[in-house]
Amino acid sequence: HDVIYKLYVEPGGHHLIIGGNQGDNWYVHLSRGLKPRAVPMSKGPRVESVCWDRDGADEVSTSEFLVGTSTGTICKALIADGKDRYWKVVYSLQDSAQPICGIEYELFPPSGRHVIEGIRKYFVMAATPTRYYEFIGGPTYDALFEQYSAAPNFVELPGDLDYTELEFFRKGSGRATSFVWLTGPGIYSGSLSFGSQNAG
């Protein structure tokens, strides 16, 4: 039997992922008081981080969310009506020995033709114990990660931690304005600026 490694609560308080140390994962629909259910599609690498859709999740569905794993993969997932609809790898780091311990995203503010066409553009940060990676694109997670066949931009701070934390900071429900990353050498922080950046 697996033991609990981490808990990941959706910000609205409706959904909970229970990550097991051996790669078994469970889902609890908190607002309906249901018992934990296995998430068979997720079995495999240990879940290290979850980035929930803050605006799309509701009482019925998690909406699409991102998952970082112990083997350096990023998955997109969706759970609705208590059942896993999909859990799919969308990106793998070239160094699979590095777990993705933190993952966050923000939507770019719509501008220019994006307003007219309703095109979404994402900024995703993913952190391992020694690096954080930046991904820019859209309008879907699949389209975003498909453009990164080569290694994306990253910042490296070597250290001796085997875990890390990455957090975006925002006021209320506003857009994230800064981030903080826990590393071996210390706390690394920075501001987020959303303009017309392209991938790369």
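The values are calculated or read from the model by the stated rules, or taken from the named source; none is laboratory data. Given the structure is predicted, the values throughout are model-derived calculations rather than measurements. Note that each Cβ is placed from the backbone with ideal geometry, even for glycine, and that neighbours are counted across all protein chains shown. Side chains are part of the model used for accessible areas, which takes the heavy atoms of the whole protein and leaves out ligands, DNA and RNA. Shrake-Rupley method; radii C 1.70, N 1.55, O 1.52, S 1.80 Å.
Taking each residue of segment 39-54 that is within 22 Å of K171 (Cα to Cα) and looking for partners that are of a type in the set (S, T, N, Q) and open to solvent by less than 50 Å² (accessible area, probe 1.4 Å) with beta-carbon atoms closer than 6 Å, six or more apart or interchain, yields D53/S63.
Of the residues P36, P11, which is under 22 Å from G56 (Cβ atoms) and surrounded by fewer than 17 Cβ atoms within 10 Å (Cβ to Cβ)?
On the way: P36 fails: under 22 Å from G56 (Cβ atoms).
That would be P11, the only listed residue that is under 22 Å from G56 (Cβ atoms) and surrounded by fewer than 17 Cβ atoms within 10 Å (Cβ to Cβ).
Contact annotation: residue pairs with Cβ atoms under 9 Å, 6 or more positions apart or on different chains, pairing a residue in segment 1-15 that is farther than 14 Å from C51 by Cβ and of a type in the set (D, E) with a partner that is assigned to a strand (DSSP E or B) and open to solvent by less than 60 Å² (accessible area, probe 1.4 Å), are D2/G20; D2/N25.
Taking into account only those residues within segment 171-182 that are open to solvent by less than 90 Å² (accessible area, probe 1.4 Å) and without any contact (Cβ under 8 Å) to a residue 12 or more places away in the chain, which is nearest to K76 (Cα to Cα)? Break it down into steps so the answer makes sense when it comes.
Going through segment 171-182, the residues open to solvent by less than 90 Å² (accessible area, probe 1.4 Å) turn out to be 172, 174, 176-182.
Still in the list and also without any contact (Cβ under 8 Å) to a residue 12 or more places away in the chain: 172, 174.
Values: G172: 25, G174: 23 Å.
Checking each candidate, the answer is G174.
Are there any strands (runs of 3 or more DSSP E) wholly within segment 47-99 with 3 or more residues that are farther than 14 Å from G19 by Cβ, and if so which? Break it down into steps so the answer makes sense when it comes.
Working: elements: 47-51, 65-69, 73-80, 83-92.
Here the list reads 73-80, 83-92.
Does Y188 meet the test of being of a type in the set (S, T, Y), in a loop (DSSP other than H, G, I, E, B), open to solvent by 40 Å² or more (accessible area, probe 1.4 Å) and modelled with pLDDT of 85 or more?
On the way: of a type in the set (S, T, Y): yes; in a loop (DSSP other than H, G, I, E, B): no; open to solvent by 40 Å² or more (accessible area, probe 1.4 Å): yes; modelled with pLDDT of 85 or more: yes.
So Y188 fails the test.
Answer yes or no: is there a residue in segment 18-27 that is open to solvent by less than 60 Å² (accessible area, probe 1.4 Å), closer than 20 Å to Y105 by Cβ, in contact (Cβ under 8 Å) with a residue 60 or more places away in the chain and touching a strand residue (DSSP E or B) at 6+ places or on another chain (Cβ under 9 Å).
Of all residues in segment 18-27, those open to solvent by less than 60 Å² (accessible area, probe 1.4 Å) come to 18-21, 23-25, 27.
Right, trim to closer than 20 Å to Y105 by Cβ and you get 19.
Narrowing further to those that are in contact (Cβ under 8 Å) with a residue 60 or more places away in the chain: none.
No - not one qualifying residue is present in segment 18-27.
The single condition among (1) under 25 Å from W87 (Cβ atoms); (2) over 19 Å from the mean Cα position of the chain (by Cα) that I119 does not meet is (1). A77 fulfils the conditions (1) at pLDDT 95 or above; (2) within 27 Å of S189 (Cβ to Cβ) except for a single criterion, (2). Is segment 152-160 home to any residue that is within 18 Å of G68 (Cα to Cα), modelled with pLDDT under 90 and not basic (K, R)? Yes; the residues of segment 152-160 include at least one that is within 18 Å of G68 (Cα to Cα), modelled with pLDDT under 90 and not basic (K, R). If the condition is being open to solvent by 60 Å² or more (accessible area, probe 1.4 Å), in a strand (DSSP E or B) and closer than 14 Å to L182 by Cα, then segment 118-164 contributes R131, E156. Taken over segment 77-102, the criterion of being surrounded by fewer than 21 Cβ atoms within 10 Å (Cβ to Cβ) and within 18 Å of P11 (Cβ to Cβ) is satisfied by L78, A80.
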